[in-house]
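The values are calculated or read from the model by the stated rules, or taken from the named source; none is laboratory data. Quick caveat: nothing in here was measured; it's all calculated off a predicted structure. Here the Cβ is made from the backbone with ideal geometry for all residues, glycine too, and neighbour counts use every protein chain on show.
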Amino acid sequence: MNIAPGRKLPLYFRHGDAADRARLDANRSYLARLANLDAIIWLEPNAEPPAAATVLAGAMEIHVPLAGLIDKDAELARLDREIAKTAQEIQRLNGKLGNDNFVANAPPDVVEREREKAAAAADALQRLSAQRKRIAALP
């Protein structure tokens, strides 16, 4: 995103589990130094993050605030690509799960795993779309 490497940034985390929090706490000083962070902040699950670039790591969201730091159009283009990729994955998984032969012949654990992937992709698509809306609203 062409942010100057010397620029100190805050980093926001949301929806992480206890293992994510423990991992962050154990590596907080390394992360702050390597990423040149001035703050590492856990958001409450219902708290809205600032307009930020978002990366999904499982269920955890990692947010880098963007106001005044990025090219808004470039970030919107990146999100559009990510949304399209996720939508394509959802379509592929739904096609597989909609195939009666696959559902009838595949082992039940494989079918369940594909259903979980489809649910996770749908959740990711919803979160990416919300993020795109927040970035589009930036001045």
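Brief remarks on what is shown
- Answer from Glu112, Glu75, Glu48 - the residue that is of a type outside the set (Ser, Thr, Tyr), assigned by TED's automatic domain parsing to the domain that holds Lys133, out of contact with any Ser or Thr (no Cβ under 9 Å at 6 or more places or on another chain) and within 24 Å of Arg14 (Cα to Cα): Glu75
- Breaking point among (1) touching a strand residue (DSSP E or B) at 6+ places or on another chain (Cβ under 7 Å); (2) over 24 Å from Ala118 (Cα atoms); (3) aliphatic (A, V, I, L, M), for Met60: (2)
- Residue selected from the range 49-82 under the condition of a type in the set (Asp, Glu) and crowded, with 16+ Cβ neighbours inside 10 Å, by the criterion farthest from Gly16 (Cα to Cα): Glu75
- Among the residues listed as Leu97, Leu125, the single one being at pLDDT 90 or above and under 14 Å from the mean Cα position of the chain (by Cα): Leu125
- Of all the criteria given as (1) more than 23 Å from Ala121 (Cα to Cα); (2) more than 16 Å from the chain's Cα centre (by Cα); (3) at pLDDT 90 or above, the one not satisfied by Gln88 is (1).
- Residues being surrounded by fewer than 17 Cβ atoms within 10 Å (Cβ to Cβ), under 19 Å from Asp80 (Cα atoms) and touching a helix residue (DSSP H, G or I) at 6+ places or on another chain (Cβ under 8 Å) - total across the range 116-126: 1
- Ile83 vs. criteria in contact with a Ser or Thr (Cβ under 9 Å, 6 or more places away or on another chain) and not aromatic (Phe, Trp, Tyr): yes
- Residues located in the range 3-56, provided they are of a type in the set (Gly, Ala, Ser) and touching a residue at least 40 places away in the same chain (Cβ under 8 Å): Gly16, Ala51, Ala52, Ala53
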